[in-house]
Structure formats: C-alpha cells, structure tokens
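This report refers to the structure that appears directly beneath it.
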Amino acid sequence: MSIKITGTIEVRNIFKSIDEFLGSKKPMENFCEGIKERILQKTEEGKDYKSRKFKAYSKAYAKRKGTTHVDLKVTGNMLGALKSTAISPTQGRVWVEGKSHGRIRCDMLAEIHTTGTGKQPQREFMNISQTGVKELTKKHFNDPLLELARATRTWEK
C-alpha cells in the first residue's frame with residue numbers, strides 16, 4: 001500500500017506568505033492611514049468619531065468664520081498636522097504634530113477640541129469607533145490574508 005501526499009509545498013508557501021505579510025509593517029501603515037482618513041472625513045462632515053454632529057460654533061465665532069458648518073478648520077493647520085505611522089507590525093500611531101499655529105501648537109489645539117477644555121465645547125474627533133476598527137481590520141488585515149491564501153491555492157483537489 002502506498003499513499004501519495006501532495007500540496008505540502010503549496011501549504012508551506014501559503015504559511016511563508018502569511019508570515020511575511022504579518023511580519024511587515026505595511027498592513028499597519030495602511031490601517032493607521034485609514035484611521036487618519038476616517039478622522040479627516042468625519043471632521044469635514046462636522047461629526048465626531050461616533051458620527052454625532054459637532055456642537056455648534058458660538059454665534060460670534062460662526063459670524064467671524066463666515067459659516068455655521070463646524071469642521072474644525074480655520075486655516076487647516078491643525079488637521080494638516082495629522083500624521084500616521086506604523087511603529088511595528090502590531091502597533092501604529094495617529095497624532096497631531098506639534099507644529100505652531102499662531103499662539104498655540106496644533107497638538108494642543110487638537111487636545112482642547114477633543115477634551116472640551118475651558119470654554120471650548122468637546123468635539124471628539126481624535127478617536128475611532130469599534131465599528132471603524134473592525135472595518136479597517138477587515139480591509140487591511142483579514143482580506144489580504146484571505147487573498148494570500150486564495151492566490152497560492154493551486155494544488156489539485
């Protein structure tokens with residue numbers, strides 16, 4: 001009696017591809033960039049990370065700005081200072097860089113908006129919901145892993 005086992009090379013190649021993918025910082029870079037883009041999109045829409053409408057500008061400030069649409073943009077410096085990076089394959093960071101913006105640094109201004117410090121109403125834009133995390137995880141980790149497995153599945157059934 002003899003048994004022929006086939007497909008072991010293909011299986012090893014799948015695991016090697018998955019290991020290389022998971023060892024790379026690229027999925028985390030894409031994930032963090034997705035968070036950054038989500039923050040920018042929601043902020044432009046005038047919504048916080050939970051899709052709740054931002055608290056209105058004061059009447060005086062809305063008049064000075066020329067709009068009642070709350071998008072946290074006066075000059076664009078604070079949101080322009082939003083950065084993302086992968087620290088490792090499993091850790092990333094999204095932050096507002098500490099560039100100077102008039103009298104206040106962009107990172108400090110973002111903190112004031114996010115926490116509602118002083119007279120500033122809270123407009124929590126520097127965060128992401130669990131739904132957002134799940135969507136980005138699927139897009140940047142789960143789907144590519146399945147695609148790797150599908151692409152290398154060439155052995156006979």
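Conditions (1) among the polar types (S, T, N, Q); (2) under 30 Å from N127 (Cβ atoms), marked per residue:
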{"residue": "I9", "(1), (2)": "no, no"}
{"residue": "I18", "(1), (2)": "no, no"}
{"residue": "L22", "(1), (2)": "no, yes"}
{"residue": "F31", "(1), (2)": "no, yes"}
{"residue": "E37", "(1), (2)": "no, yes"}
{"residue": "L40", "(1), (2)": "no, yes"}
{"residue": "S51", "(1), (2)": "yes, yes"}
{"residue": "Y57", "(1), (2)": "no, yes"}
{"residue": "K63", "(1), (2)": "no, yes"}
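Here is a yes/no grid of residues against (1) touching a residue at least 24 places away in the same chain (Cβ under 8 Å); (2) closer than 30 Å to D19 by Cα:
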position	(1), (2)
I35	yes, yes
L40	yes, no
F54	yes, no
V94	yes, yes
I104	no, no
H113	yes, no
T117	no, no
Q130	no, yes
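Quick one: which residue in G46, G92, G66 is small (G, A, S) and touching a Leu at 6+ places or on another chain (Cβ under 9 Å)? On inspection, the qualifying residue turns out to be G46.
Within the stretch 1-32, the set of residues being farther than 19 Å from N142 by Cα and in a helix (DSSP H, G or I) comprises T8, I9, E10, R12. Within the stretch 45-56, at least one residue is among the aromatic types (F, W, Y), buried (at least 18 other Cβ atoms within 10 Å of the Cβ) and farther than 29 Å from P144 by Cα. Inclusion of R12 among residues that are charged (D, E, K, R) and free of Cβ contacts under 8 Å to residues at least 24 places away in the same chain is warranted.
Yes/no per residue for (1) at pLDDT 95 or above; (2) more than 16 Å from C32 (Cβ to Cβ); (3) of a type in the set (K, R); (4) more than 14 Å from the chain's Cα centre (by Cα):
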{"position": "T85", "(1), (2), (3), (4)": "yes, no, no, no"}
{"position": "R93", "(1), (2), (3), (4)": "yes, no, yes, no"}
{"position": "K99", "(1), (2), (3), (4)": "no, yes, yes, yes"}
{"position": "R105", "(1), (2), (3), (4)": "no, yes, yes, yes"}
{"position": "T117", "(1), (2), (3), (4)": "no, yes, no, yes"}
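In summary, L146 fulfils each of the numbered conditions (1) part of a strand (DSSP E or B); (2) loosely packed, with under 12 Cβ neighbours inside 10 Å; (3) among the aliphatic types (A, V, I, L, M) with the single exception of condition (1). If you go through the stretch 120-143 and keep only what is surrounded by fewer than 18 Cβ atoms within 10 Å (Cβ to Cβ) and in a helix (DSSP H, G or I), you end up with Q130, T131, V133, K134, E135, T137, K138, K139, F141, N142, D143.
For the stretch 8-25, residues that are loosely packed, with under 13 Cβ neighbours inside 10 Å, polar (S, T, N, Q) and under 27 Å from the mean Cα position of the chain (by Cα) total 1.
The values are calculated or read from the model by the stated rules, or taken from the named source; none is laboratory data. Computed from a predicted model, the values in this text were never measured in an experiment. When we count neighbours, we look across all protein chains shown, and the Cβ atoms used for this are built from the backbone with ideal geometry, even at glycine.
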